[in-house]
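Here's the structure, in structure tokens; my notes come after.
The values are calculated or read from the model by the stated rules, or taken from the named source; none is laboratory data. Bear in mind the structure is a predicted one, so any value in this text is a computation, not a measurement. All Cβ positions, glycine included, derive from the backbone under ideal geometry; neighbour counts span all protein chains shown. Only protein heavy atoms, including side chains, enter the accessible area calculation; ligands, DNA and RNA are left aside. Shrake-Rupley method; radii C 1.70, N 1.55, O 1.52, S 1.80 Å.
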Amino acid sequence: MIKNTINDRLKTGLLVFLTFIISFSIISFKNIKLASDEVIEFEVTEEVPLFKGCEDSSSRKEAVECFNKKMMNHIKRNFTYPEEALENRIQGKVDVSFIINEFGKIKDIKASASNEKEYDKKLLETEAIRIVSILPKFTPGKHKGKIVNVKYGLPIIFKMM
């Protein structure tokens, strides 16, 4: 009972911190090519991928705000601080990047934790990848009138408060 209460408090504190960090810390990635498919970075995509519920956005700015809000909500709802990380007080930052492909599905998820110990890195990276892997299907992004693969990145901060 006490352990659950502590976990709930840690999760609440962490979610508040994550909301702040994600709101202000979108990572920029350079344009790359994967095989023959062009990948455009989120920041320069003319029409960003859309979560369900963001389709009525009247401008790019509004669509980006809706995207970021839905992304934060997804992380809040699905985040689970790894039990072993809690027990061992493992904290850190995980930079996550992924591609929203031309069908609106997530692919090529990559995670890189800032921790020095390999085991600690793996624990946090696994949770970050899990959260991203269960993102819902998007309306694909468009650039210059064509549906494109869009690369997006964000930091996920694991911090006990």
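Please report the equivalent ellipsoid semi-axes of segment 34-93, computed as sqrt(5 x eigenvalue) of the Cα gyration tensor, largest first, in whole Å.
Working through the eigenvalues yields semi-axes of 31, 18, 10 Å.
Determine which residues of segment 69-101 fall in the zone a paramagnetic label at Lys52 would reach in this model, i.e. backbone nitrogen under 18 Å from the point 7 Å along Cα→Cβ.
69-78, 101
I'd like the FRET efficiency for Arg89 and Ser112, computed as 1/(1 + (r/R0)^6) with the beta carbon distance as r and R0 of 22 Å, rounded to 0.05.
My answer for the efficiency is 0.55.
Which distance in nm do the two modelled labels at Val44 and Glu62 give, with both placed 7 Å along the Cα-to-Cβ direction?
Result for the modelled spin labels: 2.7 nm.
Out of the GluC sites (Glu not before Pro) in segment 63-129, which ones are loop residues according to DSSP with at most 14 other C-beta atoms within 10 Å?
Filter output for segment 63-129: Glu116.
Taking a 1.4 Å probe, which of Ser57, Ser112 shows the most accessible area, and what order do the others take after it?
Ranked from most to least accessible, the order is Ser112, Ser57.
Mind jotting down the distance between the C-alpha centroids of segment 53-86 and segment 91-146, whole Å?
So the two Cα centres are separated by 13 Å.
Could I have the simple spin-label model distance between Arg130 and Asn73, label points 7 Å from Cα toward Cβ, reported in nm to one decimal?
Taking the simple label geometry, Arg130 and Asn73 are separated by 2.3 nm.
Please calculate the 1.4 Å probe accessible area of Asp120, with all protein chains present, and give it to the nearest 10 Å².
30 Å²
Determine the order of Tyr119, Tyr152 by accessible area, beginning with the largest, at a probe radius of 1.4 Å.
Tyr119, Tyr152
Which FRET efficiency, nearest 0.05, do Lys122 and Met160 yield, Cβ-Cβ r, R0 22 Å?
For R0 = 22 Å, the calculated efficiency reads 0.75.
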